[in-house]
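Some notes on the structure that comes next.
The values are calculated or read from the model by the stated rules, or taken from the named source; none is laboratory data. Quick caveat, the model's predicted, so the values are computed rather than measured. Heads up, the Cβs are rebuilt from the backbone with ideal geometry, glycines too, and the neighbour counts pull from every protein chain shown.
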Amino acid sequence: MSKGLAQIMKQAQMMQQKMAKLQEDAAQRTAEATVGGGAVSAVVSGKNRLVSLTIKKEAVDPEDVDMLQDLVVAAVNEALGKVQSEMAEEMSRVTGGLNIPGLF
């Protein structure tokens, strides 16, 4: 094996190890979003799982369930967007900007 190919293989292995570590760390990372003036807050993990959802009782109006549903969806989507953006940034650092589909 040529020196150049050996170096490429070594770099690929190091990148693979860093990516594996980043994926492990993703479960520990969280992002939070609050909408409706603090009425609804959502916390999601780096693995795109909803960790917690907080709804203030003032937000619960039996006559306007649609509004509460919209607030929950908005909070969860915003939190997911934040954590995905953070994970994409981290992955970009590990891969040197190389986009590898399906990692996060």
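Can you tell which of V35, V73 is at pLDDT 95 or above, of a type outside the set (K, R) and surrounded by fewer than 16 Cβ atoms within 10 Å (Cβ to Cβ)?
V73
Can you pull out every residue in the range 9-32 that is among the hydrophobic types (A, V, I, L, M, F, W, C) and loosely packed, with under 12 Cβ neighbours inside 10 Å? Write out each step before concluding.
First, pick out the residues of the range 9-32 that are among the hydrophobic types (A, V, I, L, M, F, W, C): 9, 12, 14-15, 19-20, 22, 26-27, 31.
Across the range 9-32, the qualifying residues are M9, A12, M14, A20, A27.
Which residue, of V83, V65, is out of contact with any Leu (no Cβ under 8 Å at 6 or more places or on another chain), among the β-branched types (V, I, T) and buried (at least 16 other Cβ atoms within 10 Å of the Cβ)? Let's see the steps before the verdict.
Details: V65 fails: buried (at least 16 other Cβ atoms within 10 Å of the Cβ).
Answer to the check: V83.
Taking E86, is it under 10 Å from the mean Cα position of the chain (by Cα), at pLDDT below 95 and among the acidic types (D, E)?
Values: under 10 Å from the mean Cα position of the chain (by Cα): yes; at pLDDT below 95: yes; among the acidic types (D, E): yes.
Yes.
Taking the range 55-72, which residues are assigned to a loop (DSSP other than H, G, I, E, B) and either charged (D, E, K, R) or touching a residue at least 40 places away in the same chain (Cβ under 8 Å) (or both)? Spell out how you get there, then give the answer.
Kept after step one, since they are assigned to a loop (DSSP other than H, G, I, E, B), are these residues of the range 55-72: 56, 60-64.
Result: K56, D61, E63, D64.
Within the range 90-97, does at least one residue satisfy the condition of being without any contact (Cβ under 8 Å) to a residue 24 or more places away in the chain, in a helix (DSSP H, G or I), of a type in the set (D, E) and out of contact with any strand residue (DSSP E or B) (no Cβ under 9 Å at 6 or more places or on another chain)?
no
Filter the range 6-39 down to the residues that are part of a helix (DSSP H, G or I) and of a type in the set (D, E, K, R) and list them by number.
Applying the first criterion (part of a helix (DSSP H, G or I)) to the range 6-39 yields 6-26.
Result: K10, K18, K21, E24, D25.
Restricting attention to the range 38-60, and to residues there that are over 13 Å from the mean Cα position of the chain (by Cα) and buried (at least 17 other Cβ atoms within 10 Å of the Cβ), which single residue is modelled with the lowest pLDDT?
Step one: of the range 38-60, the residues over 13 Å from the mean Cα position of the chain (by Cα) are 38-41, 52-60.
Right, trim to buried (at least 17 other Cβ atoms within 10 Å of the Cβ) and you get 39-41, 59.
Values: A39: 97, V40: 98, S41: 98, A59: 93.
Only one residue fits best here, namely A59.
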